[in-house]
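Everything below concerns the one structure shown next.
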Amino acid sequence: MEKVSRRQFLGMSTKAGAATIVTGIFAPSLNSMIGFGGVAQAATKKIKPFNFAVLTDAHLYDINDHKFDGILEKAVSDVNKISPRPDFVLYAGDIGQTGLEAELVKGKKILDKLKMPYRIIPGEHDYYLDMGKAWRGLYGNEHWSFDHNGVHFIGMNSILVKDFWTAKKLTPHERMAWMEELECHKCGAWGVGSEQLDWLKKDVKNLAPNTPVVIMTHSPLWDYYPRWNFQTYDAPDIRKILSKFERVVSIHGHVHQVLYNKIGNISSAGLLSTSWPWPYPPIKLPYPDVKMNRADPGDFEDGLGTHNVALKSDFAGMMDYRAFSDLLPANLKRGLKI
Amino acid sequence: MKYKKHSKFALFALIAASLAFAIVFLNPVQAKPPVSKAEMKKQMNILLKAVKKGDDLWHTAKLGTNGLACGNCHPDGSASNPHTWPKYQTNLGKVGTLREMINWCILVPMQGPMLDLGGDDMIAMEAYATYTHRGVKIAPAKDEQHGAVPVKSGPGYPLK
Ligand SMILES: [Fe+2]
Ligand SMILES: [Fe+2]
């Protein structure tokens with residue numbers, strides 16, 4: 001598929017969606033919460049209101065009684081207590097740390113304690129030992145879509161990199177160890193790849209532009225900090241395919257932090273992990289008000305949490321960061337408008 | 001009178017000679033001609049070897065017992081904030097040094113044995129932290145979570 005630069009893409013989406021993209025109303029103000037919109041979306045298809053939960057980045061080790069096991073257990077029981085009960089749970093990748101089947105099995109055992117169904121996508125830590133074989137055996141397809149109460153949900157594998165291991169004759173364990181480093185500078189940028197792009201095109205082909213869409217990937221669908229793969233190299237292609245929709249909500253794991261951005265019709269939110277928080281990279285955040293506090297390394301639950309997303313009939317949504325410790329600044333305590 | 005003058009001169013000469021001796025033989029740094037560019041480069045390379053060693057230590061699970069490495073939580077050494085130390089740190093409960101905080105992070109989040117504060121490994125870990133934050137303004141106890149100096153590619157230091 002033809003590569004579209006960000007500038008080309010922005011130009012295109014402005015023309016294509018001029019009637020529906022309302023800029024400004026999404027911009028956050030200092031005292032108000034951040035908008036994924038819902039104000040001027042009269043044309044968006046009405047949905048039946050509901051809520052769903054999101055978990056991500058447990059990074060389980062194959063070590064008995066590891067502290068991260070307990071945190072994922074806590075996250076699962078927290079989600080089970082959310083009222084009203086979420087219709088389902090989304091899991092955004094990195095359930096394991098070193099790709100061992102034992103880690104993925106342990107994760108599944110804990111996730112199976114959820115009282116509602118869940119859908120999951122892989123992260124790089126689940127994948128590069130056996131190229132996703134064990135993960136697929138346990139969890140099924142790496143990409144999927146489903147409809148719920150009028151909303152179209154999409155999940156995709158965004159951590160596919162070009163082969164860096166064959167020429168260097170790396171063993172699977174070495175390949176995994178390289179990928180385990182966030183700042184791996186020899187692994188390359190990752191994305192969803194052309195096969196998944198073709199699948200996505202077909203998946204959304206027959207959907208009306210006023211269909212509310214939620215897309216989940218492991219990495220952000222924008223260039224946040226490429227050195228840490230806080231990016232998806234073919235995100236411009238994804239955004240182009242989704243540009244026909246009035247409003248798309250993108251949620252992603254991998255960044256282990258509170259984060260927000262908006263590009264064209266797509267608003268995007270980062271997620272808290274259940275393992276460790278990550279520092280913000282040395283760049284200016286596009287929405288500096290959507291930022292969590294520094295975590296206390298003496299409190300193993302600080303910087304971590306779960307999420308509840310409530311969608312109203314006009315697809316206006318509120319994402320509640322359910323931090324385990326006192327992590328959120330006042331402007332985020334009551335949630336992030338999405 | 002003449003004799004007195006001579007003795008004064010002799011005393012002065014003796015002091016000057018012993019001073020020169022002290023400078024030449026007891027203080028080798030002062031004795032050298034100005035450090036050449038080549039010499040500075042050599043010294044930098046020795047430092048970069050320590051930085052590389054520190055990089056490896058920041059990215060190994062061997063310092064701890066629960067599988068974690070510093071790099072899990074501190075990519076590129078970010079959020080170690082070397083420019084803010086020494087400072088009062090709640091977990092240390094006193095004014096402590098970067099090295100003491102490195103040891104605290106080995107002990108608590110990684111459940112490993114602390115390193116010798118003056119050992120080569122600890123010095124290398126400190127070298128990695130400071131090198132990845134080169135140029136950041138010294139700011140004792142500043143409430144700031146600082147990212148490492150952005151680098152386009154490579155490990156972040158000019159060493160293969
Ligand atoms: Fe992760
Ligand atoms: Fe990840």
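Exactly one residue among A:167, A:189, A:235, A:177 is small (Gly, Ala, Ser) and farther than 30 Å from residue A:280 by Cα, and that residue is A:167. The set of residues from the range A:52-68 being touching a Leu at 6+ places or on another chain (Cβ under 6 Å), assigned to a loop (DSSP other than H, G, I, E, B), within 14 Å of ligand 1 (Cβ to nearest atom) and within 14 Å of chain B (Cβ to nearest Cβ) comprises just one member, A:58. A Cβ distance below 7 Å, combined with a sequence gap of six or more or placement on separate chains, defines the contacts here; from the range A:119-135, residues that are within 14 Å of chain B (Cβ to nearest Cβ) reach no residue that is more than 15 Å from ligand 1 (Cβ to nearest atom) and in a helix (DSSP H, G or I).
So is residue A:314 assigned to a loop (DSSP other than H, G, I, E, B) and either modelled with pLDDT under 95 or farther than 17 Å from residue B:78 by Cα (or both) or not? Taking the combined requirement at face value, the residue satisfies it. Please work out which residue is farthest from the other protein chains (Cβ to nearest Cβ), limiting yourself to the range A:249-300 and to residues that are assigned to a loop (DSSP other than H, G, I, E, B) and among the aromatic types (Phe, Trp, Tyr). Of everything passing the filter in the range A:249-300, A:287 is farthest from the other protein chains (Cβ to nearest Cβ). Of all the listed residues (A:249, A:255), the sole one being at pLDDT 95 or above, in contact with a strand residue (DSSP E or B) (Cβ under 7 Å, 6 or more places away or on another chain) and within 14 Å of ligand 1 (Cβ to nearest atom) is A:255. Considering only residues in the range A:194-230 that are assigned to a loop (DSSP other than H, G, I, E, B), touching a Phe, Trp or Tyr at 6+ places or on another chain (Cβ under 7 Å) and within 14 Å of chain B (Cβ to nearest Cβ), the one that is farthest from ligand 2 (Cβ to nearest atom) turns out to be A:224.
Within the range A:231-270, restricting attention to residues that are among the hydroxyl-bearing types (Ser, Thr, Tyr) and under 22 Å from residue A:91 (Cα atoms), the residue that is nearest to ligand 2 (Cβ to nearest atom) is A:232.
The listed residues are B:72, B:66, and the only one of them that is modelled with pLDDT of 95 or more, in a helix (DSSP H, G or I) and more than 15 Å from residue B:126 (Cα to Cα) turns out to be B:72.
The values are calculated or read from the model by the stated rules, or taken from the named source; none is laboratory data. If you're wondering where the values come from, they're calculated on a predicted model, not measured in any experiment. We place every Cβ from the backbone using ideal geometry, glycine too, and count neighbours over all the protein chains shown.
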